[in-house]
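First comes the structure, then the notes that go with it.
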């Protein structure tokens, strides 16, 4: 297209002021306000200028675009004034998907958040005395109950071993901060500032988003004392490193990976005995931190919070929005005297959580106390059997296949595996049944993009040239929406 023609097309564009006087636009102004509409008009006109300059519009196509200016302004308004954070359908089969918000909250938790956040609450007010109260009392009582009993679903597991007698509820306390990294930071600063913390080189992990345990330790002003090697660390390495500057022994859960082969790692019992011998606290960063016994669904080797406390670990840090199934939070449970030191640290105020988190966390913990496991979405998803998932998948596929026989969309049911995610049990796989999609006219990547563009967006995974949908992480009430979207592609 010539420069002369470009100039002629540019002259056909109306000004912002002209559009603001258009009857159709004035209706929108009455609904959305002058400022927002004017901004959207400027964006739409700027987009048309770019398309003209790039030679993407001729006189006919520009005419069509100008006829649809009111609709284009409406769409731009929805984009600019709509929510960027939106609900979606997680069909990846990754239960604790960090990029998708990790654990979804229980319906009761959402209701408790709504009722307490929509009015004033007794967040820091003692109703009995009429005096100022403390915000963490709302959940500490529940943690004491849960951490002084058998974990949910456990009867004969988790014996204490040496020095690991179950502690009474009065000896255990829990505080809540923003996330697990904050919990590690607060614990290290409170218990080991200006002193040494002994940790195995094989546990100096990156915890996601490029944040690494050594970096968190540095910010806490505790000094890292590395022992052993990446693959082999012995209890003798820890003992040889203990000196008069040692303030803490630290054990870190290896999130998202395992070291196999020629390896060695001290048992928790050995570390507890060493800590007792030298009167040095032992802290464990569990990361995911389950209050639910994963052995009941066939997952072994993933320690729970109560397991560690029973064995004699003094302080355990873990996440609220992973295996616990609650809101984002960092939970610090352990010896009351050590937790009290953290509570009095000025960092605690900087890292503390708000009423929304306490409301959601309190409801989640009450579900554990009541043993109402299936009300916690994460636990419900983990407990789903392959047969249950298969029945739902078959119903969706049957409904979509009833569409025209010449449909370009091909659906198959295949066996597969779900994963927990969130750094928990990285090698554990849960048997599932997958819906495998392929399209005559679209590549797997293009088909996956079409699913992401649907409303609500559907997030799947691509393997072997096919799009795979795992209903383990799809709520049953979302099945109809998923089926409708698939039918629109057929």
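For this structure, a couple of remarks:
- Cα-projected label distance for residue 455 with residue 356, points at 7 Å along beta-carbon direction, nm: 2.4 nm
- Label positions at residue 194 and residue 341, each projected 7 Å from the Cα along the C-beta direction, are separated by 1.3 nm.
- Principal-axis analysis of the Cα atoms of the chain puts helix 69-81 at an angle of about 10° to the longest axis.
- Span from the region 361-434 Cα centroid across to the region 81-116 one, whole angstrom: 16 Å
- Separation in nanometres of the label points that stand 7 Å from Cα toward Cβ, at residue 443 and residue 15: 4.7 nm
- Relative contact order, percent, the chain [alpha-carbon distance under 8 Å, six or more residues apart]: 19 percent
- With the highest mean first, a sort of the peptides 104-110, 430-436 on other beta-carbon atoms found within 10 angstrom per residue produces 430-436, 104-110.
- Percent of beta bridges antiparallel (DSSP, the chain, rounded to nearest 5): 60 percent
- Helix-only CD estimate at 222 nm, as mean residue ellipticity for the chain, using -39500 (n - 2.57) per DSSP H run (n ≥ 4): -12500 deg cm²/dmol
- Each peptide in 316-322, 272-278, 114-120 was scored by the mean count of other Cβ atoms within 10 Å over its residues; highest first, the order is 316-322, 272-278, 114-120.
- Axis of helix 268-278 versus longest Cα principal axis of the chain: the two differ by about 50°, to the nearest ten degrees.
- The chain: angle of helix 355-369 to the longest principal axis, Cα-based, in degrees nearest 10: 60 degrees
- Recomputing Cα extents along the principal axes in Å from the coordinates shown identifies the correct label among (1) 62, 57, 45; (2) 97, 53, 49; (3) 87, 55, 49 as (3).
Each value in this text was obtained by applying a stated rule to the coordinates, not by laboratory testing. What you see is a predicted model, and the numbers here were worked out from it, not measured in a lab. Cβ sites come from the backbone with ideal geometry, for glycine too, and all protein chains shown count toward neighbours.
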